[in-house]
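Novice: Below is the structure I would like to discuss, written out as structure tokens.
Just so it is clear, none of the values below were taken in a lab; they were calculated from the coordinates. Because the structure is predicted, anything quoted here is derived from the model rather than measured. All Cβ positions, glycine included, derive from the backbone under ideal geometry; neighbour counts span all protein chains shown.
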Amino acid sequence: MIVLASNNKGKSEEIKSILKPLGIEVKNLYEMNIDIDILETGSTFEENAIIKAKAIANIINMPVLADDSGLMIDALNGFPGIYSARFALPITDYKIKNAMIIEKMNNITNRKACFICCMALVYPNKEPQVFTGKIEGEIIEEQKGNNGFGFDPIFFVPKYKMTIAEMNDDLKNHISHRYLAASALMEYLKEHPLEEE
């Protein structure tokens, strides 16, 4: 079993679905009855993922997977980046946050953006293993789609001519930044099964 250092339901379901073929049980913090606030003090997605995974691994002495992911917009110098989840606090409603992003992009012609996901797998007393995924896209001028979470409704993928929130789960789970990071994680776990650690 791997413990996912997150309470985000959408993220948890996505990672559980991705790792299901390996037969690995994944439980999030809520399912493990762990209630802890972890300060993300890193300056990169990788650093924050490691910080979160280590904090939980030190408590439960089990393998822990943490991810830090976010949206990076070229014309805004990578904003919101590592602050994607908290740039608008106390506002947490992504419909409002997405509207704020759209407003920031008003009259900007360069709409290029990317989603990045860094996953850190931490075993007690071992060096973290980090896996990264990235998907390129564009910020559109209005929110479209209901089948996603976070910034999915404003992230348009030209190859598929739709936002991530307009994609069905099967497509999203095979192209997303989280899927790409998890695919690298899966390859690692095939060569280093949990029971051998």
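Novice: What are the ³J(HN,Hα) values, in whole Hz, obtained from phi via the Karplus relation 6.51 cos²θ - 1.76 cosθ + 1.60 with θ = phi - 60°, for each residue of region 78-91 in sequence order, with x given for Gly and Pro?
Specialist: Whole-Hz 3J(HN,Hα) from phi for region 78-91: x, 5, x, x, 5, 9, 3, 7, 9, 5, 10, 3, x, 6.
Novice: Which net charge results when you count Lys and Arg as +1 and Asp and Glu as -1 among the other residues whose beta-carbon is under 9 Å from that of residue 153?
Specialist: -1
Novice: Related question: Pairs of alpha-carbon atoms within less than 8 angstrom and 6+ residues apart define the contacts here; what relative contact order does the chain have, in percent?
Specialist: It comes to 19 percent, rounded to a whole number.
Novice: Now for a separate question. With N residues in region 142-182, what two-decimal value do you get for its Cα radius of gyration over 2.2 N^0.38 Å?
Specialist: Against the empirical 2.2 N^0.38 Å value, I get 1.04 for region 142-182.
Novice: I've got another one for you. As I understand it, the value is the acute angle between the Cα axis of helix 45-60 and the longest principal axis of the Cα atoms of the chain; what does it come to in degrees, rounded to 10?
Specialist: The angle comes out at about 40 degrees.
Novice: Collect residues whose amide H, placed 1.01 Å from N in the peptide plane, falls under 5 Å from the amide H of residue 84; neighbours closer than 5 in sequence don't count.
Specialist: Amide H neighbours of residue 84: 71.
Novice: For the chain, what D do you get in µm² per second when you plug the Kirkwood radius from alpha-carbon pairs into Stokes-Einstein at 4 °C and 1.567 mPa s?
Specialist: Result for D is 75 µm²/s.
Novice: Through the Karplus equation 6.51 cos²θ - 1.76 cosθ + 1.60, θ set to phi - 60°, convert the phi angles of region 163-175 into ³J(HN,Hα) values in whole Hz; use x for Gly and Pro.
Specialist: For region 163-175, the Karplus curve yields 7, 5, 6, 8, 7, 6, 4, 4, 5, 4, 6, 10, 10 Hz.
Novice: Loop-only check: which trypsin sites (Lys or Arg not before Pro) in region 111-142 are DSSP coil with at most 11 other Cβ within 10 angstrom?
Specialist: For trypsin sites (Lys or Arg not before Pro) across region 111-142 that sit outside H, G, I, E and B with at most 11 neighbouring Cβ atoms in 10 Å, the list reads 126.
Novice: Straight-line reach from residue 9: which aspartates and glutamates fall under 20 Å, measuring Cα to Cα and dropping same-chain residues less than 8 apart?
Specialist: 25, 31, 35, 37, 40, 67, 68, 93, 152, 166, 169, 170
Novice: Return the equivalent ellipsoid semi-axes of region 1-113 as a descending list in whole Å, where each equals the square root of 5 times an eigenvalue of the C-alpha gyration tensor.
Specialist: Computed over region 1-113, the values are 30, 15, 13 Å.
Novice: I would also like to ask the following. Treating each Cα of region 45-93 as an identical point scatterer and ignoring solvent, apply the Debye formula and state log10 I(q)/I(0) at q = 0.23 Å⁻¹.
Specialist: -0.84
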